[in-house]
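Before any comments, here is the structure.
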Amino acid sequence: MVVDRGKYLGITISHDLQWANHILNTIGKATRSLGFLRRNLGRCKPSVKANAYCTLIRPSLEYASSVWDPHQTTLIKDLEQVQRRAARFVHNEYRDTSPGCVTTLLNNLGWESLEHRRMKHRLTLCYKIQNQLVDINPVNHLTPGDSRTRGGHRYRQPRASRDVYKFSFFPRTVRDWNHLPESVTAAPTLEEFRTPLDSLSWTLLQHP
């Protein structure tokens, strides 16, 4: 039997290596879970609701996201909408539709965007590969750049003519990695890498 998609280790893999089906399935599951929380925790304190979202729903939105992190604006926004609805749920604020209302709710909760979190997850995985903390040989995937012109911590950008590869993990993450300061990428431990990474501004990571 021939199929156009299949699930492996919780990831829906399509025949064209696009991730829309997996992302839409993930959004659907998270939306149903959020509905369950609204029905059962509607009268709880905001702190209880926030913990429920961060424990039960957000992990499912980020499971293996280094693999399927989308570049399409529509899919990015669809994922963010789940968290935006969760912010309304936590604050029990469903009436205010004024511009910036949900952004204020998110800021009050201290929730950074899911897009930003996925980028940091990819960079963290790249650090693990570089330092052989996972079973992926860096020699096969990461080629050091010319330290005379680009900086000793940078990698050569893989050539990609098609979007399916251009926006896959290694080409995309190498682009992001090369925009990090060497003081971060050369951190001696994973914890020391994560700490300054968390403090980097979104502007620094959103390079052209």
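The values are calculated or read from the model by the stated rules, or taken from the named source; none is laboratory data. Not measured: the values here are computed from a predicted model. Glycine also receives a Cβ, built like all others from the backbone with ideal geometry; neighbour counts cover every protein chain displayed. To get the accessible areas, we keep the full protein, side chains included, count just its heavy atoms, and leave off ligands, DNA and RNA. Shrake-Rupley method; radii C 1.70, N 1.55, O 1.52, S 1.80 Å.
Points to keep in mind about this one:
- The numbered conditions (1) within 21 Å of L9 (Cβ to Cβ); (2) in contact with a Leu (Cβ under 9 Å, 6 or more places away or on another chain); (3) open to solvent by less than 60 Å² (accessible area, probe 1.4 Å) are all true for D69 except (2).
- Selection within region 175-198 - over 15 Å from the mean Cα position of the chain (by Cα), of a type in the set (A, V, I, L, M, F, W, C) and part of a helix (DSSP H, G or I): V184, L190, F193
- S60 vs. criteria among the polar types (S, T, N, Q), under 18 Å from G10 (Cβ atoms), buried (at least 17 other Cβ atoms within 10 Å of the Cβ) and modelled with pLDDT of 95 or more: no
- Qualifying position, being open to solvent by 20 Å² or more (accessible area, probe 1.4 Å), within 17 Å of W111 (Cα to Cα) and either part of a helix (DSSP H, G or I) or of a type in the set (D, E, K, R) (or both), among N40, N51, N25, N21: N51
- No other residue among T103, T143 is at pLDDT below 95 and either farther than 19 Å from T31 by Cα or not charged (D, E, K, R) (or both) apart from T143.
- Note on region 159-199: residues that are open to solvent by 30 Å² or more (accessible area, probe 1.4 Å) and more than 18 Å from W68 (Cβ to Cβ) total 17.
- Test: residue in region 94-104 that is open to solvent by 60 Å² or more (accessible area, probe 1.4 Å) and within 21 Å of R39 (Cβ to Cβ): yes
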